[in-house]
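Okay, structure first, notes after.
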Amino acid sequence: MRVASAATDAALGDVRTIDAKAFLRRLGFDEIEPPSVAALHRLHRAFVERVPYEVIDIQLERPTTLDPFDATDRIVRSRRGGYCFHLNGAFSTLLAALGYRVGLHRAGVQNHTDQQAGIFRNHLALTVEGLPDQPDAAWLVDVGLGDALYEPLPLGEGTYRQGPFNYSLRPSEIAPGGWRFEHDARGSFRGMDFEPEPASMSDFAERHEHLSHSPESGFVRVFTAQRRDAHGVDILRALTLSRLDAGSRPPSVLESPEKWYAALADIFGLTLDDLSSADRDRLWCKVVAQHEKHVNQPAASVHAARGA
């Protein structure tokens, strides 16, 4: 069964379809269910557990588009992931196909630096509203924040706990009518602000180009893969594999390509069957160089993986 979904960027000027059942199978579901608060939460949890935040294409200097249908194809057919524009773009397309009222919003992720909050357009935020069982409620839905949300957050001021992490939402001080998400103190970034006005994917074109190609981009400088689950998050930066949860354990360094690629497959679900042996060798050489640079200059890349 193919479910029709309008393209999430009106500038595309057409109506295309996704195979919603194939996408749902990728997330571990056998059947389509109608929109509801519980169904939205199930979809969100399944997505972040099964579709990793990763920048492999950027590391290999392979151009990717902002088209959410391209991202959907890569996620479903190639069993890959992506970063926020890919992940939230694809998820918004699935939700729209299933009958959810999805809003796309220009956003800005604030890193752990002296950087002030701003709508940098380095992030695409999603909201969902008008669910049949809670028609007056709205939700922050974000599968593209890497080590952050496991489930949607009700769009209202307050503090929220998900697994071992504490989050908060409040009205944004820089985007009137918008919202500010505050990450847990242990997270990879400080917070994220988003505007209330609707956005289109083309709004992020300039920032996508920068994040994908600029030598100043953290995604170019440092390989990262992240996968969220109910109890914490697994993070691979260059050669360093860490687990952030309620416990405390030291990170490990994956010192051979066999261990590194095994971790990508076993922990992040990235078998990378589409990569040639030459691509695998090139990627391994890159992460080794990044690790050595980090060891020699640790302060230079502590927070590089957020990309901004």
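Placing one equal scatterer on every Cα of the chain and applying the Debye formula, the log10 ratio I(q)/I(0) at q = 0.13 Å⁻¹ is -0.91. Over segment 159-261, the ratio between the Cα radius of gyration and 2.2 N^0.38 Å evaluates to 1.33. Straight-line cross-link partners of Lys259 among the lysines, defined as a Cα under 17 Å from its Cα and at least 8 positions apart when in the same chain: Lys286. Taking the chain as a Gaussian network of alpha-carbon nodes connected by springs under 10 Å, the highest mean-square fluctuation of the residues Thr127, Thr159, Thr113 belongs to Thr113.
In summary, segment 31-77 shows an alpha-carbon radius of gyration equal to 1.45 times the 2.2 N^0.38 Å reference for compact globular proteins.
The angle separating the long axis of helix 277-296 from the principal Cα axis of greatest extent in the chain is about 80 degrees. How would you rank Ser212, Ser202, going from fewest to most other Cβ atoms within 10 Å of each one's own Cβ? Ordered by Cβ neighbours within 10 Å, fewest first: Ser202, Ser212. Only aspartates and glutamates eight or more places from Lys293 in sequence, or on another chain, were considered; those with a Cα closer than 19 Å are Glu216, Glu255, Asp281.
With θ taken as phi - 60° and the Karplus curve 6.51 cos²θ - 1.76 cosθ + 1.60 applied, the whole-hertz 3J(HN,Hα) list for segment 123-128 is 8, 9, 9, 10, 10, 10 Hz, x standing for glycine and proline. Of the residues Phe204, Leu104, Phe165, the one whose Cα sits farthest toward the positive end of the charge dipole of the chain, with +1 on the Cβ of Lys and Arg and -1 on the Cβ of Asp and Glu, is Phe165. Using only side-chain charges placed at the Cβ, +1 for Lys and Arg and -1 for Asp and Glu, the dipole size of segment 29-109 relative to its Cα centre rounds to 140 debye.
Summing Cβ point charges (Lys, Arg +1; Asp, Glu -1) relative to the Cα centre of segment 94-149 gives a dipole of roughly 240 debye.
Name the most mobile residue of Val295, Val55, Val109, meaning the one with the largest mean-square fluctuation, in a Gaussian network model of the chain with Cα contacts below 10 Å. Between Val295, Val55, Val109, it is Val295 that shows the largest mean-square fluctuation. Here segment 173-262 is treated with +1 on each Lys and Arg Cβ and -1 on each Asp and Glu Cβ, and its dipole about the Cα centre works out to around 520 debye.
Note on the chain: with a GNM built from Cα contacts shorter than 10 Å, the maximum mean-square fluctuation among Leu104, Leu239, Leu272 falls on Leu272. The share of C-alpha pairs in segment 209-306 whose separation exceeds 20 Å stands at 40 percent. Seen against the Cα atoms of the chain and their longest principal axis, helix 68-77 is set at about 60 degrees.
Take the Cα of Ala38, step 7 Å toward its Cβ, do the same at Ala185, and the gap between the two points is 3.7 nm. Sorted ascending by nearby beta carbons within 10 Å, beginning with the fewest, Glu129, Glu33, Glu258 become Glu258, Glu33, Glu129. Between the helical axis of 37-50 and the dominant principal axis of the chain, each derived from Cα atoms, what acute angle in degrees is found, rounded to the nearest 10? So the helix axis and the longest Cα principal axis differ by about 20 degrees.
Values in this text are rule-based calculations from the coordinates and carry no lab data. Since the model is a prediction, treat every value here as computed from it, not as a measurement. Backbone-built Cβ (ideal geometry, glycine too); neighbour counts: all protein chains shown.
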